[in-house]
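Below is one structure, written out as structure tokens; comments come after it.
The values are calculated or read from the model by the stated rules, or taken from the named source; none is laboratory data. Model, not experiment: these values are computed from the prediction. The accessibility values were calculated without ligands, DNA or RNA, using every heavy atom of the protein model including side chains. Shrake-Rupley method; radii C 1.70, N 1.55, O 1.52, S 1.80 Å.
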Amino acid sequence: MLSRGERITWAAVAVLVLAGAAAAWHTRAAWLPEAGPWLEQLWRKSTRPGPESLPPGKRPAGAGARPGADLEPPPPPPRKCLAQDGRVVYTNQPCPAGTREQALDGALSVLPAGPGGGAQPPRP
């Protein structure tokens with residue numbers, strides 16, 4: 001059994017929800033033309049999700065891919081280049097002269113865009 005305060009609170013919530021629904025219905029001519037296409041798209045995606053909503057391992061081949069995506073070559077692998085003075089340079093190009101390539105430890109996930117496709121981490 002609900003206490004008197006809980007009944008009053010739930011009644012107030014119900015009145016506010018009904019008042020909000022009535023206000024939305026009354027003003028629908030103002031907001032529905034702008035929100036209509038978005039609501040239709042939301043309804044379509046929620047009732048008929050496409051293959052792009054499946055987890056990556058369960059997608060059918062070619063689903064959700066851009067047209068012509070298979071024609072682009074894969075990006076070059078990232079490289080870690082160690083200079084003689086101890087500086088480390090990360091790049092997606094061959095290591096510059098005077099540096100030697102080292103194996104990546106897997107912690108690098110994004111290469112920032114820059115001249116030559118590489119970037120230097122900030123020095124502490």
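Figures for the structure shown
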read-out: Contour minus Cα-Cα distance for ALA97 and LEU16 (0.36 nm per residue); value: 22.1 nm
read-out: Backbone HN-Hα couplings from phi across the range 44-49 [Karplus 6.51/-1.76/1.60, Hz, Gly and Pro as x]; value: 4, 5, 7, 9, 9, x
read-out: Paired Rg and Dmax values of the range 4-47, which use every Cα atom, in angstrom; value: 15.3, 44
read-out: Karplus (6.51, -1.76, 1.60) ³J(HN,Hα), θ = phi - 60°, over the range 79-94, in Hz, Gly and Pro reported as x; value: 10, 10, 10, 9, 7, 5, 8, x, 5, 10, 10, 9, 8, 10, 10, x
read-out: Carbon + sulfur, % of accessible area of the range 4-47 - ligands and nucleic acids excluded, 1.4 Å; value: 71 percent
